[in-house]
Amino acid sequence: MSSAPVLTIDGPGGAGKGTISRLVAERLGWHLLDSGALYRLTALAAAKHEVPLDDEDRLAEVARNLDVVFVAEPESTRVLLEGEEATTTIRTEQVGDAASRVAALPAVRQALLQRQHDFRKPPGLVADGRDMGTVVFTEAPLKIFLTASAEERAHRRQRQLQEAGVDASLSSLLKEIQARDARDMQRSVAPLKPADDAITLDTTRLTIPEVVDRLTELLTERGLASAT
Ligand code: DC
């Protein structure tokens, strides 16, 4: 594995990891790993090839053979699965739910490990996920656990959906978030939890620019980035 510096950003869904990771990576000119997208793509590819969500061996095979291309664009990253557009499909609740099921299978997690390590290249990597600091990049020089209250995360998700023209009730979103948290935290393999050496940042009352500034400060303090 390369020795390029890694900033790991773990935490529950909806804590702002995706947006924050992208903005920090852009500011530093570092690479970005959206590890959740790999689990979502595995779930989508499984559906496409009619692999049942309880067939661990075949799901691991799907994960190992994922034919995926990430295309970095100014505001987002386009995702192609087997040459087909998958950018918005992988973000649906249905795929997210299936992703959280396949992510609980040890063979699938093992199958995606090397692919995740391959993202570590100079000048550095921002790795976004659930087990970036605890399993995948245990040697990372800065580990962040980004969190926010479940209520705030449900509000954020509702606003996101509204912007996309989708109406969803706050109570149903809150229930989904709590169910996903429980599954991610209680699974026996790579459960969602802060690494022992992680810094926890609660974003409930912070704006996105405030969080990006705080992370840039921490990187600078540790000599991992120059002051901007
Ligand atoms: O961050 P996300 O919502 O895109 O993640 C989708 C699912 O994948 C989520 O249920 C947790 C799981 N996941 C994981 O188990 N490990 C990771 N490193 C990233 C995501």
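List the pairs from Lys121/Lys143; Lys48/Lys143; Lys17/Lys175 whose alpha-carbon separation is above 27 Å, in the order I gave them.
Pairs exceeding the cut-off: Lys48/Lys143.
If we sort 128-135, 143-150 on the protection proxy, mean other Cβ atoms within 10 Å, highest first, what's the order?
Details: 128-135: 24.9, 143-150: 21.6.
Result, highest mean first: 128-135, 143-150.
When the chain is fully extended, how far beyond the present Cα-Cα distance does Gln94 get from Asp118, taking 0.36 nm per residue of separation?
That pair, Gln94 and Asp118, stretches by 5.8 nm at full extension.
Measuring from the lowest to the highest alpha carbon on each principal axis, how far does the range 157-228 reach, largest first, in angstroms?
44, 35, 18
Report the Cα-based extents of the range 90-208 along its three principal axes, largest first, to the nearest Å.
41, 32, 26
Pop out the carbon and sulfur fraction of the accessible area of the chain as a percent, whole number, probe 1.4 Å. Each step should come with its number before you reach the end.
Numbers: 5780 of 11360 Å².
In the chain, the share of accessible area belonging to carbon and sulfur is 51 percent.
222 nm [θ] for the chain, helices only, -39500 (n - 2.57) per DSSP H run of 4+, per residue, to 500?
After summing the helix terms and dividing by the residues of the chain, the value is -14000 deg cm²/dmol.
Using the heavy atoms of the protein chains alone and a 1.4 angstrom probe, what is the accessible area of the range 43-120 per residue in square angstrom?
Accessible surface, normalised per residue, equals 55 Å².
Highest mean first, what order results for 9-20, 159-170, 214-225, 39-50 on Cβ atoms within 10 Å? Each step should come with its number before you reach the end.
Values: 9-20: 23.2, 159-170: 10.7, 214-225: 16.5, 39-50: 21.2.
The packing order, highest mean first, is 9-20, 39-50, 214-225, 159-170.
So how many Å³ per residue does the convex hull of the Cα atoms of the range 1-123 work out to? Walk me through the numbers before you get to the answer.
Values: hull volume 13.2 nm³, N = 123.
For the range 1-123, the hull spanned by Cα atoms encloses 107 Å³ per residue.
Identify the GluC sites (Glu not before Pro) of the range 94-158 meeting these criteria: DSSP loop state and at most 13 other C-beta atoms within 10 Å of the C-beta.
Answer by residue number: Glu139.
I'd like the distance between the alpha-carbon centres of the range 117-193 and the range 61-98, rounded to an integer number of Å.
Here the two parts' Cα centres lie 17 Å apart.
What relative contact order, as a whole-number percentage, does the range 100-228 give when Cα pairs under 8 Å and 6 or more residues apart are counted?
30 percent
At q = 0.11, 0.13, 0.21 Å⁻¹, what log₁₀ I(q)/I(0) does a Debye calculation on the Cα points of the range 103-170 give, no solvent, two decimals?
-0.45, -0.60, -0.91
Can you tell me the FRET efficiency between Thr220 and Glu151 if r is taken as the Cβ-Cβ distance and R0 is 35 Å, rounded to the nearest 0.05?
With R0 = 35 Å, the Cβ-Cβ based efficiency is 0.60.
Suppose every K and R has +1 on its Cβ and every D and E has -1 on its Cβ; what is the size of the dipole of the range 155-212 about the Cα centre, in Debye to the nearest 20?
Once rounded to the nearest 20, the dipole reads 220 debye.
Defining a contact as two alpha carbons under 8 Å apart and six or more residues distant in sequence, what relative contact order in percent does the chain show?
Computed value for the chain: 32 percent relative contact order.
Is the C-alpha gyration tensor of the range 25-74 telling us rounded, prolate or oblate? Criteria: a/c under 1.5 is rounded; beyond that, a/b larger than b/c is prolate, otherwise oblate.
prolate
Compute log10 of I(q)/I(0) for the range 78-126 with the Debye formula, placing one identical point scatterer on every Cα and leaving out solvent, at q = 0.26, 0.31 Å⁻¹, to two decimals.
Log10 I(q)/I(0), no solvent term: -1.05, -1.00.
Could I have the simple spin-label model distance between Gln186 and Ala72, label points 7 Å from Cα toward Cβ, reported in nm to one decimal?
For Gln186 paired with Ala72, the spin-label model returns 4.0 nm.
If a paramagnetic tag sat 7 Å from the Cα of Asn65 along the Cα-Cβ line, which residues of the range 77-98 would have the backbone N under 15 Å from that point?
82-83
So, R0 is 35 Å and r is the distance between the beta-carbons of Arg27 and Glu85; what FRET efficiency does that work out to, to 0.05?
Between Arg27 and Glu85 the formula returns 0.80.
Over all directions, how big on average is the projection of the convex hull of the alpha-carbon atoms in the chain, in square nanometres? Show your work: numbers first, answer last.
Details: hull surface 48.1 nm².
Average projection, Cα convex hull of the chain: 12.0 nm².
Once the dipole of the chain is set up with Lys and Arg at +1 and Asp and Glu at -1 on Cβ about the Cα centre, which of Ala43, Val136, Ile199 lies farthest towards its positive end?
Ile199
Express in nm, to one decimal, how much length is gained between Asp57 and Ser172 on full extension, taking 0.36 nm for each residue of separation and deducting their alpha carbon distance.
Extending this stretch completely gives an extra 38.1 nm.
Calculate the dipole size of the chain relative to its Cα centre from +1 charges on Lys and Arg beta carbons and -1 charges on Asp and Glu beta carbons; express the result in debye to the nearest 20.
So the dipole magnitude of the chain works out to roughly 260 debye.
The values are calculated or read from the model by the stated rules, or taken from the named source; none is laboratory data. The structure displayed is predicted, hence computed values, not measured ones. All Cβ positions, glycine included, derive from the backbone under ideal geometry; neighbour counts span all protein chains shown. For accessibility, only protein heavy atoms count, side chains too; no ligands or nucleic acids. Shrake-Rupley method; radii C 1.70, N 1.55, O 1.52, S 1.80 Å.
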